[in-house]
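**Student:** Handing you this structure, nothing more for now.
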Amino acid sequence: MSSKAQAPVSHFIRNIIEADLASGKHSGIVTRFPPEPNGYLHVGHAKSICLNFGLAQDYHGQCNLRFDDTNPEKESDEYARSIQDDVHWLGFQWQGEVRWASDYFEQLYQFAVELIKQGKAYVDDLSAEEMREYRGTLTHAGKPSPYRERSVAENLDLFARMRAGEFADGARVLRAKIDMTSGNINLRDPAIYRIRRAHHIRTGDQWCIYPMYDYTHCISDALEKITHSLCTLEFEDHRPLYDWVLDQLSVPSHPRQIEFSRLELRYTLTSKRKLLQLVTDKHVSGWDDPRMPTIIGMRRRGYTPEGIREFTRRIGISKSENVVDMAVLEGCVREDLEARAPRVMAVVHPLKVVISNFVAGESASREAGFHPDHPQFGSRMVPFSKEIWIEADDFSETPPPGWQRLTPGGEVRLRYSYVMRCDEVIKDSAGKVTELRCSIDADTLGKNPVGRKVKGVIHWLSTEHALPVEIRLYDRLFTVPVPDGDKTRDFCEFINPASLTVVQGWVEAAVRDAAPETRYQFERLGYFCADRIDHQPGKKLVFNRTVTLKDSWTQEQG
């Protein structure tokens, strides 16, 4: 991709940052990417990663990676490691060590004690159901808990005993005392600590009380001196609570929370819960299934970090709805691969062709470059032999109008090789074409025939030299743009039965030793990537189709 294509796109968050730097409000910026380690990251997270890390890069600031590990039942080291791998793979590096909300558990506890001492937090004995009832609705104000006016001394005692493990899970919570009549339900005395006996991936069984997200997040931001706390629009109504907590406490900074619209990608899902359902119900092979919108899935499919970064740049940042068609993502990946992927030939649905006038020692092979625009990619020999494979779809006995491939009695050029004519069609007892007998024009190796024009160019392989390959043809996972759009139907009903087709094909010997994750253009077929799990160089070749070729693909002269 050109440097022009990757130039930063202005948006409202950049405008805020530039104004803050120009006014001297900040001398530099500090952002953070704060995932919960409870699942694999998806394309929506990629947008946030590229935004937070990208802004830090562009303005010579820093970006922290901080895990929000306040929900121990759903968190694991596996998820934390995968998130770090995803950030690195996308091309970014966080500032310093990985940070964790659990790094601040003692400070968070002491800040909660401070709120109690100020009379701004209290221990509540209401059950979760009772709390919901007391909270009210969007149209009716809430009412105060009967425990709201407990004394500071009683609240301090109860909170310490909560920490000490004297009470059962769910028996009590610590709530901020704000305003039960507020029009914003998030300010109606939200819970900031709950009792939960769960083994934590970092602190083990040290704690049996855990802070809530809204309370933890703003203080963690403040302790890290984040300047611009960027989050998606569903947190807009939480911003007053973010600011309220920080306004009550002596923290080293007060970050500004800024919301932007989340990414909704058509023909897929970005709900962690629904993606988990796809995995647990075995609709896909795992989180890294190449049909999944997870970063690890896109990586396994063969998407490039550069293509994904360009996609996030192209879709932009705004507060308006960000619904994007899958074709935009595929287009960015395709454009990137067009420039970087070497080209070889493969045959997915082979049809055998016997060259009747092949002469050993005379019918020549030819050298071909790996990329027409990049001679530095090198070249390889494309061997020719008496028997070759062509794509079955490149032959038709009754061709449609405009057909420019092989027909009985017709001619095509073999890519990088001779012009070939089909002389005879061999069929089995059921009438299926099993073999073609063809002849070559020996004077057309690397040049056009005299006195006639041959329009069609097809790919092919020498059967003697081609290597067997497992080819996984991936398509979109769902048949409808919004799989969970119909609330009366299970989104799994819309899974595309043709989202994966596995075929045994053939490929040039030039890819024999390709490492996992090596990408190629299989000419006229699409872009493919050596599977990062199952592909074994020199032993078992497995390639995933990343994206098809552009619809505007034009045949090149062989």
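Every read-out reported here was derived from the displayed coordinates using simple, explicitly stated rules and does not represent laboratory data. Everything quoted here is computed from the prediction, not taken from an experiment. Note that each Cβ is placed from the backbone with ideal geometry, even for glycine, and that neighbours are counted across all protein chains shown.
**Student:** Counting DSSP beta bridges in the chain, what percent are antiparallel, to the nearest 5?
**Tutor:** Working: 55 of 81 bridges.
Just about 70 percent of them are antiparallel.
**Student:** Next up: If amide hydrogens are placed 1.01 Å from N in the peptide plane, which non-local residues have theirs closer than 5 Å to the one on ARG196?
**Tutor:** Amide H neighbours of ARG196, under 5 Å, 5+ apart: ILE209, TYR210.
**Student:** If r is the Cβ-Cβ distance from LYS540 to ASP247 and R0 is 41 Å, what FRET efficiency results, to the nearest 0.05? Numbers along the way, then the final one.
**Tutor:** Values: r = 61 Å, r/R0 = 1.50.
Result of the calculation: an efficiency of 0.10.
**Student:** Continuing with this model, one more query. What is the angle, in °, between the Cα long axis of helix 105-117 and the longest principal axis of the Cα atoms in the chain? Nearest 10 is fine, range 0 to 90.
**Tutor:** Here the helix axis deviates by roughly 30 degrees.
**Student:** Something else: Classify region 438-558: rounded, prolate or oblate, from the alpha-carbon gyration tensor (a ≥ b ≥ c, eigenvalue square roots; a/c under 1.5 rounded; otherwise prolate if a/b is larger than b/c)? Show your work: numbers first, answer last.
**Tutor:** Values: a/c = 3.21, a/b = 1.65, b/c = 1.94.
Oblate, since a/c reaches 1.5 and b/c is not below a/b.
**Student:** Once amide H atoms are placed 1.01 Å from N in the peptide plane, what residues at a sequence separation of 5 or more from VAL457, or on another chain, have their amide H within under 5 Å of its amide H?
**Tutor:** Answer set, sorted by chain and number: ARG413.
**Student:** Identify all lysines with a Cα-Cα distance to LYS25 below 20 Å; exclude those on the same chain that are fewer than 8 residues away in sequence.
**Tutor:** LYS225
**Student:** Measure nothing fancy, just the Cα-based angle from helix 239-248's long axis to the longest principal axis of the chain, in degrees from 0 to 90, nearest 10.
**Tutor:** Once rounded, the angle reads 40 degrees.
**Student:** How far is the Cα center of region 235-269 from the Cα center of region 446-484, in Å?
**Tutor:** Each part reduced to its Cα centre gives a spacing of 49 Å.
**Student:** Give me the extension gain from THR548 to ILE426: residue separation times 0.36 nm, minus the current Cα-Cα distance, reported in nm with one decimal.
**Tutor:** Numbers: separation 122, 0.36 × 122 = 43.92 nm, distance 3.11 nm.
Going from the current span to full extension adds 40.8 nm.
**Student:** Can you give the Kirkwood hydrodynamic radius for the chain, in Å, rounded to one decimal and based on Cα pairs?
**Tutor:** Details: mean 1/r = 0.0363 Å⁻¹.
With all distinct Cα pairs of the chain included, I get 27.6 Å.
**Student:** What is the calculated FRET efficiency for GLU321 to GLU397, with r their C-beta to C-beta distance and R₀ = 60 Å, to the nearest 0.05?
**Tutor:** On the way: r = 51 Å, r/R0 = 0.84.
Given R0 = 60 Å and the Cβ-Cβ separation, E is 0.75.
**Student:** Just to be sure I understand the model, the point goes 7 Å from the Cα along the line to the Cβ. What's the resulting ARG161 to GLU464 distance in nm?
**Tutor:** 9.0
**Student:** Let me ask you something else. Over the Cα atoms of region 346-458, how large are the radius of gyration and the largest Cα-Cα distance (Dmax), in Å?
**Tutor:** Expressed in Å, the Cα Rg and Dmax of region 346-458 come to 14.7, 50.
**Student:** Please label the shape of region 104-214 as rounded, prolate or oblate, based on the square roots a ≥ b ≥ c of the eigenvalues of the alpha-carbon gyration tensor (a/c under 1.5 means rounded; beyond that, a/b larger than b/c means prolate, else oblate).
**Tutor:** prolate
**Student:** Related question: At R0 = 41 Å, how high is the FRET efficiency between LYS386 and THR232 if r is their beta carbon distance? Nearest 0.05 is fine.
**Tutor:** 0.10
**Student:** So how do ARG194, ARG489, ARG66 line up by other beta-carbon neighbours within 10 Å, fewest first? Walk me through the intermediate numbers first.
**Tutor:** Details: ARG194 18, ARG489 11, ARG66 22.
Ordered by Cβ neighbours within 10 Å, fewest first: ARG489, ARG194, ARG66.
**Student:** When a footprinting reagent is the concern and you count Cβ atoms within 10 Å, what order do CYS231, CYS332 take, fewest first? Let's see the in-between values first.
**Tutor:** On the way: CYS231 19, CYS332 25.
The most exposed by this proxy come first: CYS231, CYS332.
**Student:** ³J(HN,Hα) across region 462-479 via Karplus (A = 6.51, B = -1.76, C = 1.60, θ = phi - 60°), whole Hz, x for Gly/Pro?
**Tutor:** For region 462-479, the Karplus curve yields 6, 5, 6, 10, 5, 10, x, 8, 8, 10, 9, 8, 9, 10, 5, 6, 10, 8 Hz.
**Student:** With angles folded into 0 to 90 degrees, how steeply does helix 77-89 sit against the dominant principal axis of the chain? Use alpha carbons for both and round to 10.
**Tutor:** Once rounded, the angle reads 60 degrees.
**Student:** Okay, next question. For n ≥ 4 DSSP H runs only, could you compute -39500 (n - 2.57) per run for the chain, divide by its residues and tell me the 222 nm figure to the nearest 500? Don't skip to the end; give the middle numbers.
**Tutor:** Details: 12 runs with 138 residues, N = 558.
Helix-only estimate at 222 nm: -7500 deg cm²/dmol.
**Student:** Starting from 0.36 nm per residue, how many nanometres of slack lie between SER271 and GLU154 once their C-alpha separation is accounted for?
**Tutor:** Numbers: separation 117, 0.36 × 117 = 42.12 nm, distance 4.18 nm.
Separation in residues times 0.36 nm, less the Cα-Cα distance, equals 37.9 nm.
**Student:** Multiply the residue gap between VAL433 and ASP77 by 0.36 nm, knock off their C-alpha separation, and tell me the result in nm, one decimal place. Could you put the intermediate results ahead of the total?
**Tutor:** Details: separation 356, 0.36 × 356 = 128.16 nm, distance 5.49 nm.
Gain on stretching VAL433 to ASP77: 122.7 nm.
**Student:** Restricting things to alpha carbons, find the Rg to Rh ratio for region 355-403 using the Kirkwood radius for Rh.
**Tutor:** Numbers: Rg = 15.6 Å, Rh = 14.0 Å.
My calculation puts Rg/Rh at 1.12.
**Student:** Could you rank the peptides 48-61, 396-409 by their average count of other C-beta atoms within 10 Å per residue, with the highest value first? Please list the in-between numbers first.
**Tutor:** Numbers: 48-61: 19.7, 396-409: 12.6.
Going from most to least packed, we get 48-61, 396-409.
**Student:** Kindly identify region 172-239 as rounded, prolate or oblate by the Cα gyration tensor criterion: order the square roots of the eigenvalues as a ≥ b ≥ c, call it rounded if a/c is under 1.5, otherwise compare a/b with b/c, prolate if a/b is larger, else oblate.
**Tutor:** On the way: a/c = 2.42, a/b = 1.25, b/c = 1.94.
Oblate shape, in that a/c is at least 1.5 and b/c is the bigger or equal ratio.
**Student:** OK, next. Across region 164-174, in residue order, what do the Karplus-derived ³J(HN,Hα) couplings come to in whole Hz, using 6.51 cos²θ - 1.76 cosθ + 1.60 with θ = phi - 60° and x for Gly and Pro?
**Tutor:** Ordered by residue, 3J(HN,Hα) equals 6, x, 6, 10, 6, 4, x, 5, 9, 9, 9 Hz.
**Student:** With θ set to phi - 60°, apply the Karplus curve 6.51 cos²θ - 1.76 cosθ + 1.60 along region 402-415 and write out the HN-Hα couplings as whole Hz, x wherever there is a Gly or Pro.
**Tutor:** x, 4, 10, 10, 7, 9, x, x, x, 10, 9, 9, 7, 3
**Student:** Amide H neighbours of VAL419 under 5 Å, counting only residues 5+ apart in sequence or on other chains, H built in-plane at 1.01 Å?
**Tutor:** Hits under the 5 Å cutoff: LEU414, ASP441, THR444.
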